[in-house]
Structure formats: C-alpha cells, structure tokens
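The values are calculated or read from the model by the stated rules, or taken from the named source; none is laboratory data. Everything quoted here is computed from the prediction, not taken from an experiment. Here Cβ is always computed from backbone atoms with ideal geometry, including for glycine, and neighbour counts include all displayed protein chains. Only protein heavy atoms, including side chains, enter the accessible area calculation; ligands, DNA and RNA are left aside. Shrake-Rupley method; radii C 1.70, N 1.55, O 1.52, S 1.80 Å.
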Amino acid sequence: MQKEKIDIESLKKLQWKIMQNVAAGAIIPLMRIGDELGIFQKLAEFGPCTVQKLSKVTNIDVRYCTEWLHAMCAANYCSYNTTLTKFHLSPEQKAVFAEEDSPALMIGAYDVLSGNVHNIEKVKEAFQTGEGVPYSESHPCIFQGTARFFRPSYSSNLIQKWLPKLTGATDILENGGRFADIGCGFGLSTLMIAEAFPKAHITGFDIHEPSIVSAKKHAMDADLNDRISYYVSDAKSYSGEFDLLAFFDCLHDMGDPIGAANYAYEHLSNDGYIILIEPTAADHPADNLNTIGQMYYSFSTMGCVPTSKSQEVGLALGAQAGPKKLLNILEAAGFKNAKVVYKNATNMVIEAQK
Ligand SMILES: C[S@@+](CC[C@H](N)C(=O)[O-])C[C@H]1O[C@@H](n2cnc3c(N)ncnc32)[C@H](O)[C@@H]1O
C-alpha cells in the first residue's frame, strides 16, 4: 500500500499541540500532590519563601519540593524572584489554587482528572463490553472533585444570575416554596439555595450514599442541617411534592432521563417548574469541537456515559447532548414551554413548566 504524503507544516502544528497537551497532562499528579500535602496553602500563607522554608512548613523533602516548584513556575502556576530562590503565589494563583471558598477556584478539576486516570481499567473494559460502570465504582477523587469543580460556578452564578432568569423561582423560594435538588451530590447547590432563601423548604436526593453522607456533613458545618433534608434515593423513587425540582449537572448522567423527568413531573405542584443545569453544548457535535468540547467529551466518555449505561434504559446522553435533545426529553416527559433561559461558556440553564 502506498503511504500517504505527510504535510510537514501540519505535522509540526499537531506535534506542538500534543506537546502542550502532554505538558498540561504531566502536571496532573503534581497538582494532586500539591493539593493533598497543602503545598499551595502554605505557599499562599508563607510566600515569598525559600525552598527550605516551604519544605519545613509542609514537612516535605527539599529535593522533591524544589522540583515541584520548578514545574509549577514553568507552568506559570507559581511566581518567583529572578534568581529562583524565593517563591510565592500571586493573588490570582491563590484564588485558583489555594482559596477553597473562592469563586475562581479550579484545583478541583485535578481531582476529577486524577479520578479518571484511576478509572481507566473499568472504563476500558466497558468500551469492550458496552456495559456501564456505576458512579459508585468511580475513584473517590471523582466525588470530591465533582463538588469542588462545580462549586465556583454555582457560587458565582446560581443565586445572582441563574435564578433571576427562571420564571418565578425567586418568588417561590422567598415565599417558603418547596425545592428539591435531584442528584445533589455533596449538596453544595442545595446549601446555596438554603442560605439565600431562609423560608424555603429544601430537600436533596442522590442515589450515591457516600455523597449524601458528605452533603449532610456540609449542611452540619454550615449550621443548616435543620433547614435541609437529605435522602439516598434514585431519581425515580423519592417521595414528596415540590414547587421547584432541579437537576444540577446530572440529568445526562442518568440512565433514564425521560423517566426521571416524568417522575419529576408527577412530583411537582400544579404550577411547578423543573430546572436543568447542563454543560453548554451545541446540538451538532461538529459545533462542539473546541477546547470546552475536548474537556466535556473526555469527562463524558470516562464518567457520564459509563454511569448512564450502568442504569435502567442506559440512554447515555453524554455531557454534550445539546439543548435540542434536552428540551425534547422534557417535552416527552409531559412538560410545556421548555426553553434555555441562560447560557455561558460552560453551563446552560433550562426550565420547563408542568
Ligand atoms: C456529576 S454529579 C453532579 C452532582 C451535583 N448535582 C453537583 O452539581 O455537584 C452527578 C450526580 O448524579 C447522581 N446520580 C446519577 N444517577 C442518578 C440517579 N439515577 N438518581 C439519582 N442520582 C443520580 C450521582 O450520584 C452524582 O452525585
């Protein structure tokens, strides 16, 4: 067979792109180590500081610490003086790596990335069998990473930008309405609603028991445990009636999203609403072939599709389903006036009326 001719310029461009991606991937384990050993926190606290000082306050070996710092500086994830003898985090680097409550925090992404690497064997097998992998079988990094990765977006958007776009949501919650967070995970979205609307009645449900245990702990730490009820429950088996039912970044993970939406329909009051927060995507995959698409399709291959395939129906919508499929699901479940009410680079907000 005759070999196809390689265009040298295209090859070089592709190789440089791969080199950038490899460099970004190479730092993943260092980010987890820096996060778990509190190196970012101590740099934020004690910087500008020498390697010796940082090693001492973090209780780590000087040689490893030096190599780690050089990798961080090369990535521009850490700041340094001209002689590379003192290191610190700029205000922006602190906000993304060291301040857990910051709306700019991004370190949680590395929990998810590490968790996906741990999950390779299970998902590889699923590629061959076509079966799913239950969410509960993911590496624990995935559970905490999901919560940490999504929280900044929720804390800067949910109350300020998303709720005001939803028909009557703010009024319902201010007037003591009943809100349920389905697939609530660690319940950080649930907490934000409870904090902002003291009269609202708030419930969180999730199929994954350890996540509900964490959600209860977060509510306890925030002194909101008497205002929120959490239950381990599938999206098709909880009880109660609600005025607002929300699915934060989870409908596409479910095996039977139409069944879950229909169950929500049955558990809404007569003038109630369903709310979906979903990853931003266009309807046609060709329009998602960009940096955000690279990230979401990758996360989806390793997490959303295997989770959905492990459940009844196993529709496997994927994280980049796009608005058309999601609106069709809501309509098939009986809802009316389904529409996208807000969209930014990473999230879409959808509502539909009973
Ligand atoms: C990507 S996480 C999102 C968690 C949370 N809503 C958030 O935004 O941080 C998806 C969540 O959906 C839950 N989930 C998946 N399938 C479910 C089902 N059939 N019923 C209830 N929860 C489900 C998982 O356990 C997981 O906590």
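Within the range 285-309, residues that are assigned by TED's automatic domain parsing to the domain that holds Val123 reach partners that are away from the ligand (no atom under 15 Å from the Cβ) and of a type in the set (Val, Ile, Thr) with beta carbons closer than 7 Å, at six or more positions or on different chains, in the pairs Met302/Val123; Pro306/Val123.
Search the range 246-293 for residues being among the charged types (D, E, K, R) and farther than 23 Å from Gly145 by Cα, and hand back the single one that is farthest from the ligand (Cβ to nearest atom). Looking at the filtered set, the residue picked out is Asp271. If I filter the range 307-328 down to residues being in a helix (DSSP H, G or I) and more than 11 Å from the ligand (Cβ to nearest atom), which single residue comes out as surrounded by the most Cβ atoms within 10 Å (Cβ to Cβ)? Within the range 307-328, the match that is surrounded by the most Cβ atoms within 10 Å (Cβ to Cβ) is Leu326.
Quickly run through the range 186-212 and pick out the residues that are open to solvent by 10 Å² or more (accessible area, probe 1.4 Å), within 13 Å of the ligand (Cβ to nearest atom) and assigned to a helix (DSSP H, G or I). Scanning the range 186-212 gives Leu188, Leu191, Met192, Glu209, Pro210. The single residue among Ala169, Ala147 that is under 30 Å from Ala200 (Cα atoms), touching a helix residue (DSSP H, G or I) at 6+ places or on another chain (Cβ under 6 Å), within 12 Å of the ligand (Cβ to nearest atom) and open to solvent by less than 40 Å² (accessible area, probe 1.4 Å) turns out to be Ala147. Does the range 119-143 hold any residues that are within 15 Å of the ligand (Cβ to nearest atom) and closer than 10 Å to Gly303 by Cα, and which are they? Answer for the range 119-143, where residues must be within 15 Å of the ligand (Cβ to nearest atom) and closer than 10 Å to Gly303 by Cα: Asn119, Gly132, Val133, Pro134, Tyr135, Ser138, Ile142. Just to be sure I understand, how many residues within the range 329-354 are within 16 Å of Asp271 (Cα to Cα), in contact (Cβ under 8 Å) with a residue 24 or more places away in the chain and in a strand (DSSP E or B)? The total comes to 3.
When the criteria are applied in full, Lys3 meets the requirement of being over 24 Å from Ala95 (Cβ atoms) and not assigned by TED's automatic domain parsing to the domain that holds Ala75.
Cβ separations smaller than 6 Å between residues 6+ apart or across chains give the following pairs from the range 228-249 residues that are without any contact (Cβ under 8 Å) to a residue 60 or more places away in the chain and outside any strand (DSSP E or B) to residues that are of a type in the set (Val, Ile, Thr) and within 14 Å of the ligand (Cβ to nearest atom): Asp234/Ile207; Ala235/Ile182.
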